[in-house]
1. Look at residue 368 and say whether it is in contact with a helix residue (DSSP H, G or I) (Cβ under 9 Å, 6 or more places away or on another chain) and either acidic (Asp, Glu) or surrounded by fewer than 17 Cβ atoms within 10 Å (Cβ to Cβ) (or both).
2. Among the numbered conditions (1) under 30 Å from residue 73 (Cα atoms); (2) not in a loop (DSSP other than H, G, I, E, B), tell me where residue 198 comes up short.
3. Please determine, by comparing only the residues of the stretch 218-274 that are among the small types (Gly, Ala, Ser) and assigned to a helix (DSSP H, G or I), which one is farthest from residue 200 (Cα to Cα).
4. Taking the stretch 371-394 as the region of interest, how many residues are out of contact with any strand residue (DSSP E or B) (no Cβ under 9 Å at 6 or more places or on another chain), of a type in the set (A, V, I, L, M) and surrounded by fewer than 14 Cβ atoms within 10 Å (Cβ to Cβ)?
5. In the stretch 12-47, what residues are among the hydrophobic types (A, V, I, L, M, F, W, C), at pLDDT 95 or above and under 17 Å from the mean Cα position of the chain (by Cα)?
6. Is one or more of the residues making up the stretch 146-153 buried (at least 19 other Cβ atoms within 10 Å of the Cβ) and farther than 29 Å from residue 386 by Cα?
7. Kindly indicate which of 173, 180, 155, 133 is of a type outside the set (Phe, Trp, Tyr), touching a Lys or Arg at 6+ places or on another chain (Cβ under 8 Å) and under 20 Å from residue 343 (Cβ atoms).
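The values are calculated or read from the model by the stated rules, or taken from the named source; none is laboratory data. The structure presented is a predicted model; accordingly, all values stated were derived computationally and were not measured. Glycine also receives a Cβ, built like all others from the backbone with ideal geometry; neighbour counts cover every protein chain displayed.
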Amino acid sequence: MPQTIAAGCCVVGGGPAGLMAGFLLARAGVDIVVIEKHADFLRDFRGDTIHPSTLQLMFELGLLDAFLQLPHRKAFQLSAWVGARKFVVADFRRLPTLCKFVAFMPQWDFLDFIAGEAKKLPNFRLLMKTAAESLLEEDGRVTGVRARGPEGAIEIHADLTVAADGRTSLLREAAGLEVEDFGAPMDVLWFKLRREADDPDESFGRAAPGRMVAMIERGAYWQIGYVIPKGGAEALRRRPLDEFRDAIADCVPFLMDRVEDLQDWEDVNLLTVQVNRLKNWSRPGLLCIGDAAHAMSPVGGVGINLAIQDAVATANLLAEKLQSRTLRDEDVGAVQRRREFPARVTQRLQLFIQNRVIRSVLAADKPFEAPLALRLLDAFPFLRQLPARLIGLGVRPEHVNSPRE
């Protein structure tokens, strides 16, 4: 017989959306079970950007000072290089937030921190190495999940199940929720190279004919995203690794003396870029948030920001009704009504940049002029506040309004 657990809410997925939703709901007095299929949060090349809006949430929760004790790097602005010329894209120093920077922090440190704070609450339970396998349903209503943990089968019965299990969400597929796919012209190869003392001390992007690279300064090393045409990874891996090393050095010359650190293709990880969105984020008893509701492009690094904002809105809108067990199906739909507009606007901007800028750069075979947007940002520095707000705060930033029991 499977182990049976009853909860007010079961959250599937221990990423930023899932852990933040679980923490905030438990803080409001809801009995919470969060399940995560992995044994820990240690995965490389996940989104590592903690935005000013998230840092503001940490302040609102009274956790900012402790949070900033974790190792991180501050970026007060983001830049892009086109050929030999540098353009400042976003300047966060004028944002109406306490922290006017993006913090680059390993995502596992962020998740460990949130999980640690949540575990202090008596009504929060985190089950690691526990994978959801299917939905529990009764009369067309989702009533929880079947899962498997280290000790065998588990049935978790809940008033609400929150699917925060990412862009390949098992739960949204099991629920039969329809996904709109908007496509992407590129994928990204992620890898690390050591950083030397005389290297640039900021994160930036660099574009050259046929090549585009994102460089994230992580202290002792660079975390590097090398953009390739969609579906091109397999053909690239069939070619000699030296050709890839030469392409990196050609785009970022100061890395020439260390591209040999890439010993084989196993040192290079593929991010398959998706941009999609559910038509309906919920069914009776089930709500999808984060990447399970809207997979974002890596453009701007805003996926984590959107996921955390979804979690905050979920707690703001549903916590009291879950706690009092008065939640109705129409209440769950309020999360989509609140968060779909920011997701739509952000994805439209990402698709514009993908299709108009990135596609053109990857297809270029000779030097090109910087896009008009970059030239305007260079000529009129006050315009940098707009991308700073879009990246740093998002279209509709959320604040913690859920109660604390």
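1. yes
2. (2)
3. 235
4. Selection size over the stretch 371-394: 3.
5. Answer for the stretch 12-47, where residues must be among the hydrophobic types (A, V, I, L, M, F, W, C), at pLDDT 95 or above and under 17 Å from the mean Cα position of the chain (by Cα): 12, 17, 19, 20, 21.
6. Yes - at least one qualifying residue is present in the stretch 146-153.
7. Step by step, each of 173, 180, 155, 133 is checked, and only 180 is of a type outside the set (Phe, Trp, Tyr), touching a Lys or Arg at 6+ places or on another chain (Cβ under 8 Å) and under 20 Å from residue 343 (Cβ atoms).
Matching residues to (1) in contact with a strand residue (DSSP E or B) (Cβ under 7 Å, 6 or more places away or on another chain); (2) within 25 Å of residue 103 (Cβ to Cβ):
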site	(1), (2)
254	no, yes
257	no, no
265	no, no
280	no, no
283	yes, no
289	yes, yes
305	no, yes
